[in-house]
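Written below as structure tokens is the structure these notes are about.
The values are calculated or read from the model by the stated rules, or taken from the named source; none is laboratory data. The structure displayed is predicted, hence computed values, not measured ones. Positions of Cβ are backbone-derived with ideal geometry, glycine not excepted, and every protein chain shown enters the neighbour counts. Remember, those area values only see protein heavy atoms, side chains included, never the ligands or the DNA or RNA. Shrake-Rupley method; radii C 1.70, N 1.55, O 1.52, S 1.80 Å.
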Amino acid sequence: MRIAVLGGGHGCYAAAADLSEQGHEVRLWRRDAAALAPVIAARCIALKDHRGRREVALALATADIGAAVRGAELIVVPTPAFAQVDIARALAPHLSDGQVVFLPPGTFGSYVMARTARDAGSRAEVAFAETGTLPYLARKHGPAEVAITTRATRLPIGVFPATASTHAHAVIAGAFPAVEPAGDALSGALMNAGPVIHPPLIVMNAGPLEHFERWDIHNEGTQPSIRRVTDRLDAERIAVREALGYTPPHFPLSDHYENDRWMYGNAHDKLVDSGDWREHIELRSHRYMREDVAYGLAFLVSVADWAGVPCPVASGLLALGGVIAGEDFTRAPRTLRALGLAGLDAAALRRLLHEGLER
């Protein structure tokens, strides 16, 4: 399959290398041409996993987004939520009918990117899909090297519009066989693990994160008291899903710690053992704050408020995160109010999710 991978982060390099090694024709796009230069020069990414280290050739590495996505059946965008609008604008002139844009994860980016591309002038019939996590636990070890600790074993995906689900599932499964249907885009957004696992870890570890140069929030930062907060937060997420009529599986985050039923199987020990998550985290600017609190948790709280579901833990963590960052995260750009959707009733929202944007 011809696949475009957009972005320059850990998940982007992992996807480009892994999908190329599977035999797909992969084109990697990164806006920062200077940062991409080592990959362009080498024409490959060094991939490290349990099988060792090897160099994986790419079909193309480019700073020209049109060259990357032209003719691609699948466009994979494993970037933070705050990058999605700019990418959608850059992508819009190059989209064509039948393409599938896959956001792992999405934070309701499937709707946001579809609307942004439409507002930018695209009239292509494109399906946008999102899942609850990156397909990989991965970290870059250099400008052209990435280490994959483990790969996802289950990837529940929601599709916008839902009428395109059959086509989107088939295309995405050609690259990621672990995908499984999870309904519409809002259902997919409410599978996102980042806004559940990371806000308690970054807010409740604020002291050691500011004190120590490196700190592993998944090891010494995950203590029983923090786990209790995480479990209660996840219960609020699941309550929102149930109030909206979404049925199991809800992928409770407790499975990540206790058994092999979660998206990565039983991967917590692998994550800690790798040592790759013992890192420097700058509280105000790190992705866990900018994406998972300011975007993901703000979105969850807004949906809970719209649905009339109490979420005191989510609201409290959102408030604390905002105090740490010096911002009011309730006014963040990824809430139903900010997206202009808070005034819709349940029937109108379901219709939008099912049928998509008006032509």
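Of all residues in region 207-219, those that are open to solvent by 90 Å² or more (accessible area, probe 1.4 Å) have Cβ atoms under 7 Å from Cβ atoms of residues that are not polar (S, T, N, Q), 6 or more apart or on another chain, in E210/L283; E213/H280; R214/R278; R214/E279; R214/H280. Could you check, for region 231-244, whether at least one of its residues is free of Cβ contacts under 8 Å to residues at least 40 places away in the same chain and either under 25 Å from S285 (Cα atoms) or assigned to a loop (DSSP other than H, G, I, E, B) (or both)? Yes, there is a match, as at least one residue in region 231-244 is free of Cβ contacts under 8 Å to residues at least 40 places away in the same chain and either under 25 Å from S285 (Cα atoms) or assigned to a loop (DSSP other than H, G, I, E, B) (or both).
The condition (being in a strand (DSSP E or B) and closer than 30 Å to A41 by Cα) is satisfied by just one residue among A129, A88, A92, A138: A138. Restricting attention to region 284-300, the residues that are open to solvent by 10 Å² or more (accessible area, probe 1.4 Å) and within 15 Å of A206 (Cα to Cα) add up to 5. Residues being on the phi < 0 side of the Ramachandran plot, part of a loop (DSSP other than H, G, I, E, B), modelled with pLDDT of 95 or more and among the small types (G, A, S) are represented in region 143-157 by at least one member. Total residues in region 158-172 satisfying the condition of being in a helix (DSSP H, G or I) and either in contact with a His (Cβ under 9 Å, 6 or more places away or on another chain) or of a type in the set (D, E) (or both): the figure is 2.
Listed here are the residues, each with its yes/no results for (1) open to solvent by 10 Å² or more (accessible area, probe 1.4 Å); (2) modelled with pLDDT of 95 or more; (3) more than 27 Å from G275 (Cα to Cα); (4) polar (S, T, N, Q).
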position	(1), (2), (3), (4)
A4	no, yes, yes, no
S20	yes, yes, no, yes
D32	yes, yes, yes, no
A35	yes, yes, no, no
P38	yes, yes, no, no
R43	yes, no, yes, no
A46	no, yes, no, no
R51	yes, no, no, no
A59	yes, yes, yes, no
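All conditions but one from (1) open to solvent by 10 Å² or more (accessible area, probe 1.4 Å); (2) within 26 Å of F82 (Cβ to Cβ) apply to G275; the one that does not is (2). In a loop (DSSP other than H, G, I, E, B) and in contact with a Leu (Cβ under 8 Å, 6 or more places away or on another chain) - does that describe any residue in region 290-310? No, every residue in region 290-310 fails to be in a loop (DSSP other than H, G, I, E, B) and in contact with a Leu (Cβ under 8 Å, 6 or more places away or on another chain). Does region 312-333 contain at least one residue that is open to solvent by less than 40 Å² (accessible area, probe 1.4 Å), touching an Asp or Glu at 6+ places or on another chain (Cβ under 9 Å), part of a loop (DSSP other than H, G, I, E, B) and aliphatic (A, V, I, L, M)? No, there is no match, as no residue in region 312-333 is open to solvent by less than 40 Å² (accessible area, probe 1.4 Å), touching an Asp or Glu at 6+ places or on another chain (Cβ under 9 Å), part of a loop (DSSP other than H, G, I, E, B) and aliphatic (A, V, I, L, M). Considering the conditions (1) part of a helix (DSSP H, G or I); (2) in contact (Cβ under 8 Å) with a residue 60 or more places away in the chain; (3) open to solvent by 10 Å² or more (accessible area, probe 1.4 Å); (4) not basic (K, R), H256 is excluded by exactly one of them, (3).
Kindly evaluate T166 against the criterion of being of a type in the set (S, T, Y), open to solvent by 40 Å² or more (accessible area, probe 1.4 Å), touching a residue at least 40 places away in the same chain (Cβ under 8 Å) and out of contact with any helix residue (DSSP H, G or I) (no Cβ under 9 Å at 6 or more places or on another chain). Don't jump to the end; show me each part of the working.
Details: of a type in the set (S, T, Y): yes; open to solvent by 40 Å² or more (accessible area, probe 1.4 Å): yes; touching a residue at least 40 places away in the same chain (Cβ under 8 Å): no; out of contact with any helix residue (DSSP H, G or I) (no Cβ under 9 Å at 6 or more places or on another chain): yes.
For T166, the condition - of a type in the set (S, T, Y), open to solvent by 40 Å² or more (accessible area, probe 1.4 Å), touching a residue at least 40 places away in the same chain (Cβ under 8 Å) and out of contact with any helix residue (DSSP H, G or I) (no Cβ under 9 Å at 6 or more places or on another chain) - is not met.
Tallying residues that are within 29 Å of S96 (Cβ to Cβ), out of contact with any Leu (no Cβ under 6 Å at 6 or more places or on another chain) and in contact (Cβ under 8 Å) with a residue 40 or more places away in the chain within region 45-58 yields 1. The set of residues from region 55-78 being closer than 19 Å to L95 by Cβ and either out of contact with any strand residue (DSSP E or B) (no Cβ under 9 Å at 6 or more places or on another chain) or small (G, A, S) (or both) comprises A63, G66, A67, A68, G71, A72.
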